[in-house]
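Below is one structure, written out as structure tokens; comments come after it.
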Amino acid sequence: MQTKAAILVEQKKPLVVDTIDIPELNYGQVLVKILYSGICGAQLNEIDGTKGIDKFLPHLLGHEGSGVVIKCGEGVTQVKENDNIVLHWRKNQGIQSPTPTYLWNGKKVNAGWVTTFNQHAIISENRLTKISQDMDMKLAPLYGCAITTAFGVIHNDARLRSGESIIVFGTGGVGSAIILAASVTGAHPIIAIDINDMKLDYAKKSGATQVINSANEDVRKRINDILQEQSDCCVDTTGIKEVRELAYELTNKTGRTILVGVPKAGEKMSIDSFPLHFTKKITGSHGGDAEPDYDIPRLIRLQKSGKLNLSHLITHEYPLEKINEAIDALRKGKTMRCIISMHNE
């Protein structure tokens, strides 16, 4: 069987969209028809080599998507044929299978336990969560990373309480989702900081009570005007050294600084660690410690109740053939969450 995929062949170069051969299913693997895929900052980091030299080229990308189960390999019990599913990078219940190897013009193409930039994909059972047949499959990819990460950051990492203040640096897809989660939790005030006015407008739609364009305003002064003190919680989604340091400085002595954005490989930040010996905390988040099998169903219930509106988070849709245009738009800050329509049917 063959399928079309976007392949990372060389770092800092456009993806190559071409046809690849799909191998036979192994133990614990599931063949999925991918319907929609999101694009996350993690993919930009992979393309740019933020974490260093990529030893697995060429390989497939993508870690949040929606799809339909086509076939299940031996041992699979969590899903069955024709199930609608969310694909995610966090481990779920079920088997962690071997990773598949595809063929492209006779050459090996590597892949992880989940990829979503291919029309059909072999996925490890523990990277899939079944969802109802009436779920909007275009919104469903948000549960593969952005929404589950956001609520995990708020509930697990920050342990944010109603009425506590929060500052979010970087208001892209994940940042706006964190603002949304903070709003649902009852945080106040919710302060969004970015250099992009379009993203700040969407931050307001997600529940930000104040927005600050740090390219034009003195952040420390504005924060002091709003809070007359430091914040209970600061979250950085940018990974930028100076922003991470500022987030820590603006966190009060009993507060929590949560680092979500991935820094460049080897780049260190400088902080005054003395408050950490008392009640101040700093945490590096790993997907908010989300548990997909538990978090996805409950958050979908929240969405269906009308208390969680996700529609404004997706601003652009592209076909697979134009995925490099989508990546470029995301990189230039022209979009919030991009969705790739994998089949254009």
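The values are calculated or read from the model by the stated rules, or taken from the named source; none is laboratory data. Just so it is clear, the model here is predicted, and its values are computed rather than measured. A quick note on method: Cβ atoms are made from the backbone with ideal geometry, for glycine too, and the neighbour counts reach across all protein chains shown.
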Among residues of the range 205-251 being among the acidic types (Asp, Glu) and under 27 Å from the mean Cα position of the chain (by Cα), the residue surrounded by the fewest Cβ atoms within 10 Å (Cβ to Cβ) is Glu242
Qualifying residue in the range 309-328 (condition: within 23 Å of Asn92 (Cβ to Cβ) and either not acidic (Asp, Glu) or not assigned by TED's automatic domain parsing to the domain that holds Lys199 (or both)) = yes
Criterion violated by Ser341 - all others in (1) over 20 Å from Phe151 (Cβ atoms); (2) exposed (fewer than 15 other Cβ atoms within 10 Å of the Cβ); (3) touching a helix residue (DSSP H, G or I) at 6+ places or on another chain (Cβ under 9 Å) satisfied = (2)
Asn26 being loosely packed, with under 14 Cβ neighbours inside 10 Å, over 21 Å from the mean Cα position of the chain (by Cα) and either at pLDDT 95 or above or not assigned by TED's automatic domain parsing to the domain that holds Ala177 (or both) = no
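If a residue must be assigned to a helix (DSSP H, G or I) and under 16 Å from Lys307 (Cβ atoms), how many such residues does the range 161-193 contain? Spell out how you get there, then give the answer.
Kept after step one, since they are assigned to a helix (DSSP H, G or I), are these residues of the range 161-193: 173-185.
Checking which are under 16 Å from Lys307 (Cβ atoms) leaves us with 177, 179-185.
Result for the range 161-193: 8.
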When you go through (1) modelled with pLDDT of 95 or more; (2) under 20 Å from His88 (Cβ atoms); (3) surrounded by 19 or more Cβ atoms within 10 Å (Cβ to Cβ) one by one for Ile7, which number turns out not to apply?
-> (2)
Could you check the range 225-335 for strands (runs of 3 or more DSSP E) lying wholly inside it with 3 or more residues that are more than 30 Å from Asn126 (Cβ to Cβ)?
-> 231-236, 251-259
Residue, farthest from Lys253 (Cα to Cα), within the range 173-186, restricted to residues that are surrounded by fewer than 24 Cβ atoms within 10 Å (Cβ to Cβ) and not polar (S, T, N, Q) | Val184
